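Working notes for the structure below.
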Amino acid sequence: MSALSLRELNAPVLALRLLSADHTELPAPCLSVSTVYPDRLELSFHDDLAGFEAWREALGIEPSSVTYHEHDDGLTRVLTAHADYAGAHLRLTGFGRVGTGEAA
């Protein structure tokens, strides 16, 4: 059982509400809100990296702040970016195959 109340997840839930109202044209990400990181809203993109880039641009995250690494299999690239929005910490993650723009 979680020691937190739903109220303690208000920051990421409110951020999601605002993002969904302000950016209806952007691709839908996989979403995650967790009691482990109650101030974080995670948006992940498994289809390709275009969704990640669209959100990065819309949120005004500089390309130079995006981190890149590859999974141990050497086949999957991972892009990660962070931003603060409406009192929440956003974490964007994009997955793609190394050498292509295809889904991971």
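The values are calculated or read from the model by the stated rules, or taken from the named source; none is laboratory data. Worth saying up front: this structure is predicted, and the values here are computed from it rather than measured. In this analysis, Cβ positions are derived from the backbone assuming ideal geometry, glycine residues included, and neighbour counts consider all displayed protein chains. Keep in mind that these areas ignore ligands, DNA and RNA; they rest on the heavy atoms of the full protein, side chains included. Shrake-Rupley method; radii C 1.70, N 1.55, O 1.52, S 1.80 Å.
Key figures for this structure:
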quantity: Filter pass, E42 being modelled with pLDDT of 95 or more, within 30 Å of E8 (Cα to Cα) and not in a strand (DSSP E or B); calculated: no
quantity: Failed criterion for A58 (all others in (1) at pLDDT 95 or above; (2) surrounded by fewer than 16 Cβ atoms within 10 Å (Cβ to Cβ); (3) touching a Ser or Thr at 6+ places or on another chain (Cβ under 7 Å) hold); calculated: (3)
quantity: Enumeration of residues in the stretch 41-53 that are open to solvent by less than 40 Å² (accessible area, probe 1.4 Å) and under 11 Å from the mean Cα position of the chain (by Cα); calculated: L41, L43, S44, F45, G51, F52
quantity: In the stretch 67-83, the residues that are of a type in the set (A, V, I, L, M) and open to solvent by 90 Å² or more (accessible area, probe 1.4 Å); calculated: L75
quantity: Conditions (1) assigned to a helix (DSSP H, G or I); (2) open to solvent by less than 70 Å² (accessible area, probe 1.4 Å); (3) free of Cβ contacts under 8 Å to residues at least 24 places away in the same chain; (4) not β-branched (V, I, T): number failed by S32; calculated: (1)
quantity: Inter-residue pairs, beta-carbon under 7 Å, first charged (D, E, K, R) and in the stretch 47-76, second open to solvent by 80 Å² or more (accessible area, probe 1.4 Å) and modelled with pLDDT under 90, 6+ apart; calculated: D48/E102
quantity: Sole residue being part of a helix (DSSP H, G or I) and touching a residue at least 60 places away in the same chain (Cβ under 8 Å), chosen from L14, L9, L90; calculated: L14
